[in-house]
1. Consider segment 118-144. How many of its residues are out of contact with any helix residue (DSSP H, G or I) (no Cβ under 8 Å at 6 or more places or on another chain) and either polar (S, T, N, Q) or not assigned by TED's automatic domain parsing to the domain that holds Tyr167 (or both)?
2. So Asp60 clears everything in (1) more than 20 Å from Met171 (Cα to Cα); (2) at pLDDT below 90 except one condition, right? Which one?
3. Within segment 71-93, track down each residue that is assigned to a loop (DSSP other than H, G, I, E, B), among the aliphatic types (A, V, I, L, M) and in contact (Cβ under 8 Å) with a residue 12 or more places away in the chain.
4. Given the structure, is Gly195 at positive phi and not polar (S, T, N, Q)?
5. Specify the residue that is surrounded by the most Cβ atoms within 10 Å (Cβ to Cβ); the eligible residues are those in segment 40-70 that are closer than 14 Å to Ser131 by Cα and free of Cβ contacts under 8 Å to residues at least 60 places away in the same chain.
6. Give the residues of segment 146-169 that are among the small types (Gly, Ala, Ser) and either surrounded by fewer than 20 Cβ atoms within 10 Å (Cβ to Cβ) or not assigned by TED's automatic domain parsing to the domain that holds Lys109 (or both), sorted by residue number.
7. Filter segment 102-127 for residues that are within 14 Å of the chain's Cα centre (by Cα), surrounded by fewer than 21 Cβ atoms within 10 Å (Cβ to Cβ) and closer than 18 Å to Leu164 by Cα and give the result.
8. Evaluate segment 135-145: report whether one residue or more is surrounded by 15 or more Cβ atoms within 10 Å (Cβ to Cβ) and of a type in the set (Phe, Trp, Tyr).
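The values are calculated or read from the model by the stated rules, or taken from the named source; none is laboratory data. None of the values given here were measured: they were computed from a predicted structure. Cβ sites come from the backbone with ideal geometry, for glycine too, and all protein chains shown count toward neighbours.
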Amino acid sequence: MVLPKQSKDKKLVWVRADILSQISRIANREGKTITTFVNEVLEQSVRAYDMKLTLTEVIDLYMLTRMSREGGNLTIHRDVVKYLISKVYHSNREELMQIFHDTGAWFGKYMLARMGSENLVEHLRQILYVSIWDVNEVYVDKSGNVISIRCVAPQLSAEETELLASYVEGMLYSIGLKQIEREVIRGIIMVKVEGEGVSG
């Protein structure tokens, strides 16, 4: 078979028949030509990889963020949160800690119902990142049935960090992970948990 001569600014790309069929279906649904649709998809793919993200990470983060918002999490400026905590923490510390713990536990059960235990553990880092406010970095390492978690948020006060730790602990407990180590200092939360459903 002789292929048509290509212009300098175009390339021939081989696509699996099943994928092409799905592309055609979606393009028709969106009222676009296959060429237009494919170029849009590739353009957004390049954007994602330029941001040092894979398409899987982008989609997972979107879905988890959506589930988080549907589960009741809101985006509030940290100055508002800081002000409210400063008014309540010292006079009602234990009650506030319990509220954060219970809220984390409810959210953990909610995510468990939405995702199942296996997916929940697998996506634990992303879930913590999108669901806890003002955290800069979340690290999750698995070894056997033990998970080590570190949440880093240097801008948080000691009081905010304690409340955030209580929220995280409630979430982890509600999905069947038992805490075996805990260290909380201003801006840093480090916990180790274990559970039967965890594998390295």
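1. Total satisfying the criteria: 3.
2. (1)
3. Selection gives Ile76 alone.
4. So Gly195 does not fit the description; no.
5. Restricting attention to segment 40-70, the residues satisfying the condition of being closer than 14 Å to Ser131 by Cα are 60-70.
Filter once more, so that each one left must be free of Cβ contacts under 8 Å to residues at least 60 places away in the same chain: 62-63, 66-67, 69-70.
Details: Tyr62: 11, Met63: 15, Arg66: 11, Met67: 18, Arg69: 13, Glu70: 10.
Restricting to residues being closer than 14 Å to Ser131 by Cα and free of Cβ contacts under 8 Å to residues at least 60 places away in the same chain, the top hit is Met67.
6. Just the residues of segment 146-169 that are among the small types (Gly, Ala, Ser), to begin with: 148, 153, 157-158, 165-166.
Ser148, Ser157, Ala158 - these are the residues of segment 146-169 that are among the small types (Gly, Ala, Ser) and either surrounded by fewer than 20 Cβ atoms within 10 Å (Cβ to Cβ) or not assigned by TED's automatic domain parsing to the domain that holds Lys109 (or both).
7. Correct list: Arg125, Gln126.
8. No; the residues of segment 135-145 include none that is surrounded by 15 or more Cβ atoms within 10 Å (Cβ to Cβ) and of a type in the set (Phe, Trp, Tyr).
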